[in-house]
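Below is one structure, written out as structure tokens; the observations come after it.
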Amino acid sequence: MNSIITKCALPHARVASLLLFLTLLLSAGMQAQQKKIITGVVYDNAGIALPGATVIETGTTKSVITDTDGKFVLEATEGNSIEISFIGFITQKITVDASTSALQIRLKEDAYMLDAVELVSVGYGKVRKSDLTGAISSLDEKQLQKGTIVSTEQVLQGKVAGLAVVRGTGDPSSGSSLRLRGGTSLTASNNPLIVVDGIAGVDINSVQASDIKSVDVLKDASATAIYGSRGANGVIIITTKGGSRGTSVTYNGFTGIGWASNHIDMLSADQWRKYVRDNNIVDAVDYGGNTDWQDELEQEAFTQSHTLSISNGKEFSGSRASLSYFKNEGIIKTSEMERLAANVSMYQYMLEKNLKFDVGIFANIDKWHPLDYRIFERAFNLNPTIPVRDANGNFTSVGGTLYENPVEILTNRKADSERHRILGYFKTEANLFKDLQWVANLSLEHNALKGNIYKPSYAVLEGQTEGGYAQKTYGDYTNSQIETYFSYNKIFGKHTINATAGYSFLENMYEGLGAQRSGFTTDLFLYNNLGAGTDYRLGDVYSYKGKSRLVSFFGRANYGFDDRYLLTATIRRDGSSRFGANNKWGWFPSASAAWKISNESFMSGIKDVVSDLKLRVGYGVTGNQDGIGEYRSLSILGVGNDSYYDPATGQWSLAYSPTQNPNPDLKWEQTKTINVGLDFAFLRRFTGSIEYYDKKTEDLLYTYEVPQPPYLVGTMLANVGELSNKGIEVTLNANIIKADNTGDFTWDANLVFAKNKQKIEKLSNDIYETDVINSGSLHGLSGMSNQYSQIIAEGYPVGQFWGYQFEGFDENGQFILSAEKKAIGDVQPDFTLGVGMNFTYKNFDASVSGYGMFGQKVLNATNMMLYDPNRMPQYNIPDDFVGSSITSAPTYSSYWIQDASFFRLQNMTLGYTVPFTNKDDYRLRLYIMGENLFVLTGYKGTDPEIDNTGLSNPGIDRFNNYPRPTTVSFGVSFTLNK
């Protein structure tokens with residue numbers, strides 16, 4: 001037995017020795033590949049933690065997801081690599097070595113991927129940009145226009161294909177007109193609907209540019225039909241900044257100097273004297289002065305802007321507050337504008353993030369001094385030898401028509417205006433079940449405007465003739481709104497479903513009053529004691545009040561299959577108190593579809609070349625009810641100028657009479673739109689879209705003449721006409737040079753292009769008839785009484801100039817004109833263009849942007865009046881009119897219709913970011929910025945960008961020559977993060 005045991009033990013000893021040897025080898029291997037516990041935090045470019053980022057050890061199945069603070073813990077082997085990835089960012093790889101422990105990982109944005117996964121506001125919800133089926137353009141805060149923003153809509157100028165933002169004057173108190181894909185109405189507002197943080201129909205200037213996080217522009221009816229009778233002109237959805245993770249304090253400010261970029265060159269005093277001598281004008285009067293009247297009205301304008309914001313965010317709550325101050329002195333004296341604005345917003349999660357409350361309030365106060373624009377015509381008229389003041393220091397006054405001293409008008413007129421805006425909301429979001437969410441939004445918007453004017457008894461233009469004139473006006477409006485809706489989201493297999501259904505109630509209340517009085521025995525009260533005026537007249541006091549309501553039900557359904565085929569359908573039913581009795585409710589449906597061609601299997605071979613290709617098509621019906629004022633469908637009585645004797649009281653009383661006919665058929669203007677779009681991305685460097693649209697507006701509102709009898713009043717507002725707009729839009733974005741393959745230098749560029757063709761299709765029907773509507777009145781210009789420059793007629797666009805064609809000069813310098821009037825140009829541009837480029841090199845950054853409008857015509861009525869051979873010596877003339885062969889008095893013809901095409905270098909900025917050691921905690925950027933640096937144009941007026949909206953005077957340059965300033969500013973931006 002023992003021998004047997006001994007024989008058996010020998011093999012076991014060998015096995016033990018072998019195991020010991022293998023253990024030593026394994027131990028050595030393990031020492032060579034030591035396991036490590038790695039911790040870290042993942043951030044984005046801005047230093048904000050990224051929850052949900054994936055951290056994986058390559059070649060293994062080990063992976064973790066970062067928590068809500070962007071933190072992770074992972075066990076990995078030395079020598080291996082870990083990859084950190086997040087949708088929209090470039091994946092980063094790190095090799096694990098002995099020093100690898102606590103990591104601070106900052107991911108760089110992938111421009112293409114971010115564009116694909118970006119969430120876009122579509123009205124009552126958000127979707128991924130790659131899943132859009134409608135025509136929507138999106139901008140983040142980096143893409144918005146910077147600089148001297150006196151009106152918030154300027155941030156969009158030249159940034160969105162098809163959106164024309166036209167600011168027709170340099171007056172800091174004036175805003176801009178917005179037109180998206182051409183106007184859709186003759187008499188109603190053509191401005192897009194503004195939605196701020198889910199609140200529809202608000203004043204865009206309730207929000208300051210510095211508070212905007214992103215802007216989404218809904219263009220076609222398939223996207224805007226969710227807003228029903230308010231969506232015909234497009235929708236602009238603004239999302240404001242909220243509390244971000246961590247605590248940060250940011251200051252942004254700049255100061256700048258602006259000056260007039262252009263003038264009309266009139267004869268100087270010495271030139272005037274030479275002209276008088278050379279032409280032997282014996283009745284000319286030399287007053288001994290040397291005055292540039294335009295220069296006397298102008299100044300170098302100081303501009304300053306300061307914004308301080310504080311943001312704080314945690315996992316379950318956050319807040320943000322901002323305070324801003326803006327002041328622009330205006331390059332015309334006394335025209336300064338000041339704005340003080342504040343914003344506070346907060347959010348709070350409860351019930352394990354299944355319940356969220358948002359509350360926010362925006363408030364601002366504007367103060368400015370309105371100008372009497374008659375000063376510009378007087379500045380062109382006055383003899384340059386007239387001094388501003390006489391020997392006694394008083395304003396010089398020389399008798400004559402349209403010959404008042406413009407500096408006196410500017411100085412002796414006291415005008416103050418003030419506007420208060422406040423917008424508040426309370427929003428609740430609740431996750432009722434796994435896939436069902438409920439949202440309720442309560443909001444209140446209140447705007448108030450007051451104006452004060454006083455013209456003292458010694459002032460020209462009304463003051464002297466009225467014995468002092470004072471006026472006070474006040475008006476306000478309030479929008480109260482409640483909207484609530486349910487959203488259902490479900491993914492099963494290759495199918496995705498999103499459905500939204502909701503209800504909206506809006507009440508608009510407005511009221512105002514005004515009073516004026518003349519005949520003051522003292523000027524000390526200014527406009528503060530109207531009762532001191534002794535001149536009482538009918539109409540000195542007035543007031544008004546009105547209310548309207550809109551009730552709506554809406555729904556939308558999105559369906560996607562296999563991330564290749566997408567369908568969207570929306571419906572809205574609106575009921576409005578503005579509509580006539582026979583049309584109280586309206587339906588607004590839409591449908592759209594998209595095909596992600598790039599996700600098909602036959603595209604897999606060229607995925608590296610064409611990474612995205614999507615075809616979209618949509619159709620929808622939207623409305624515009626802004627042309628229907630309150631009570632316009634009803635019969636209304638009003639106070640007339642007639643009076644009657646009441647024998648019962650023995651007094652004379654004012655008589656009431658009908659002022660409006662009832663129209664029970666009155667309803668919204670209806671726009672039907674077909675849109676076809678193609679989105680693309682190639683070489684992971686270029687992205688863009690091409691759109692074609694065809695939209696037709698029916699039931700255009702216009703006030704028609706009707707027979708008396710049977711009607712009591714001779715006019716009636718009715719739905720009759722039709723208007724069409726057709727066009728194409730192109731958007732291109734390029735990452736020309738990327739940092740990932742060139743090191744320190746980057747170069748991005750973008751371009752937007754749009755072409756629109758507008759035509760009035762119909763103006764009459766069997767009941768309401770009109771042939772041609774005259775517009776563009778020239779009344780008030782010398783020799784132009786009761787003349788019109790434009791027509792509204794079938795077959796032409798809105799703003800069609802109509803007159804005699806200039807055919808040359810005869811031997812006496814007289815105009816040779818066509819025998820008949822004809823179409824001589826229109827105010828609609830052939831196409832619009834916007835371009836921008838951004839550069840970075842190490843800590844330097846630079847940007848340049850510009851925009852242009854091409855093919856539009858403008859009536860240069862200013863030159864039409866100034867280029868008059870009969871002006872000298874009573875009135876001044878332009879330099880380039882000296883020696884002119886023109887002998888005709890001002891005559892409206894195509895000679896004065898000028899091509900106003902232009903391209904404006906809008907903004908150039910050069911910045912430097914100070915390289916702090918701890919750049920996550922501090923950021924300081926210094927910059928210099930130039931605005932309106934030059935304009936390329938052949939237009940002969942002060943500026944080619946003339947307001948082309950409305951029917952009264954679109955595209956007419958008529959002494960409204962507030963120069964557009966060129967501004968150079970120096971700014972600083974500082975952020976402290978904790």
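The values are calculated or read from the model by the stated rules, or taken from the named source; none is laboratory data. Keep in mind it's a predicted model, so treat the numbers as computed, not measured. Backbone-built Cβ (ideal geometry, glycine too); neighbour counts: all protein chains shown.
Brief remarks on what is shown
- Count of segment 488-522 residues which are crowded, with 19+ Cβ neighbours inside 10 Å and farther than 30 Å from Glu630 by Cβ: 4
- Single unsatisfied condition, Asn756 versus (1) in contact with a helix residue (DSSP H, G or I) (Cβ under 7 Å, 6 or more places away or on another chain); (2) closer than 25 Å to Asn719 by Cβ: (1)
- Considering only residues in segment 118-153 that are of a type in the set (D, E, K, R) and within 17 Å of Arg616 (Cα to Cα), the one that is farthest from the chain's Cα centre (by Cα) turns out to be Asp131.
- Verdict on Phe376 being of a type in the set (Phe, Trp, Tyr), under 32 Å from the mean Cα position of the chain (by Cα) and closer than 30 Å to Gly70 by Cβ: no
- Total residues in segment 311-329, condition more than 18 Å from Val207 (Cβ to Cβ) and at pLDDT 95 or above: 3
- Search result, residues across segment 237-260 that are surrounded by fewer than 20 Cβ atoms within 10 Å (Cβ to Cβ) and within 25 Å of Asp292 (Cα to Cα): Ile257, Trp259
- Within segment 877-908, considering residues that are at pLDDT below 95 and in contact with a Pro (Cβ under 7 Å, 6 or more places away or on another chain), the one surrounded by the most Cβ atoms within 10 Å (Cβ to Cβ): Ile886
- Of the residues making up segment 436-472, just one is of a type in the set (D, E, K, R) and in contact with a Ser or Thr (Cβ under 6 Å, 6 or more places away or on another chain), namely Glu466.
- Per the conditions (1) exposed (fewer than 12 other Cβ atoms within 10 Å of the Cβ); (2) under 32 Å from the mean Cα position of the chain (by Cα), the sole criterion not satisfied by Leu678 is (1).
- Which numbered condition Gly911 misses (of (1) small (Gly, Ala, Ser); (2) in contact (Cβ under 8 Å) with a residue 40 or more places away in the chain; (3) buried (at least 19 other Cβ atoms within 10 Å of the Cβ)): (3)
- Leading residue by the ranking (nearest to Gly228 (Cα to Cα)) among those in segment 591-634 that are in a loop (DSSP other than H, G, I, E, B) and among the charged types (D, E, K, R): Asp626
- For segment 519-545, a residue qualifies if it is closer than 16 Å to Tyr458 by Cβ and of a type in the set (D, E, K, R), and exactly one does: Asp523.
- Within segment 307-328, if we keep just the residues that are touching a residue at least 40 places away in the same chain (Cβ under 8 Å) and part of a loop (DSSP other than H, G, I, E, B), the residue that is surrounded by the most Cβ atoms within 10 Å (Cβ to Cβ) turns out to be Lys314.
- Residue that is surrounded by fewer than 18 Cβ atoms within 10 Å (Cβ to Cβ), modelled with pLDDT of 95 or more and aromatic (Phe, Trp, Tyr), where the choices are Trp652, Trp587: Trp587
- Residue match in segment 931-954 (condition: touching a residue at least 24 places away in the same chain (Cβ under 8 Å), within 30 Å of Phe302 (Cβ to Cβ), more than 23 Å from the chain's Cα centre (by Cα) and part of a strand (DSSP E or B)): yes
- Residue match in segment 916-923 (condition: hydrophobic (A, V, I, L, M, F, W, C) and in contact (Cβ under 8 Å) with a residue 24 or more places away in the chain): no
- Any hit, segment 451-461, residues being touching a strand residue (DSSP E or B) at 6+ places or on another chain (Cβ under 9 Å), at positive phi and of a type in the set (A, V, I, L, M): yes
- Any hit, segment 772-780, residues being free of Cβ contacts under 8 Å to residues at least 40 places away in the same chain and aliphatic (A, V, I, L, M): yes
- Residue count for segment 562-574, restricted to those that are at pLDDT 95 or above, more than 28 Å from the chain's Cα centre (by Cα) and farther than 17 Å from Ala499 by Cα: 0
- Members of segment 655-675 found to be of a type in the set (A, V, I, L, M, F, W, C) and surrounded by 18 or more Cβ atoms within 10 Å (Cβ to Cβ), listed by number: Leu666, Trp668
- Residue in segment 591-613 that is at pLDDT 90 or above, surrounded by 14 or more Cβ atoms within 10 Å (Cβ to Cβ), more than 30 Å from the chain's Cα centre (by Cα) and of a type in the set (Val, Ile, Thr) present: yes
Residue by residue, here is whether (1) within 23 Å of Ala501 (Cα to Cα); (2) of a type in the set (Ser, Thr, Tyr); (3) surrounded by 16 or more Cβ atoms within 10 Å (Cβ to Cβ); (4) under 30 Å from the mean Cα position of the chain (by Cα) holds:
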{"residue": "Leu524", "(1), (2), (3), (4)": "no, no, no, no"}
{"residue": "Thr534", "(1), (2), (3), (4)": "no, yes, no, no"}
{"residue": "Gly560", "(1), (2), (3), (4)": "yes, no, yes, no"}
{"residue": "Phe579", "(1), (2), (3), (4)": "no, no, yes, yes"}
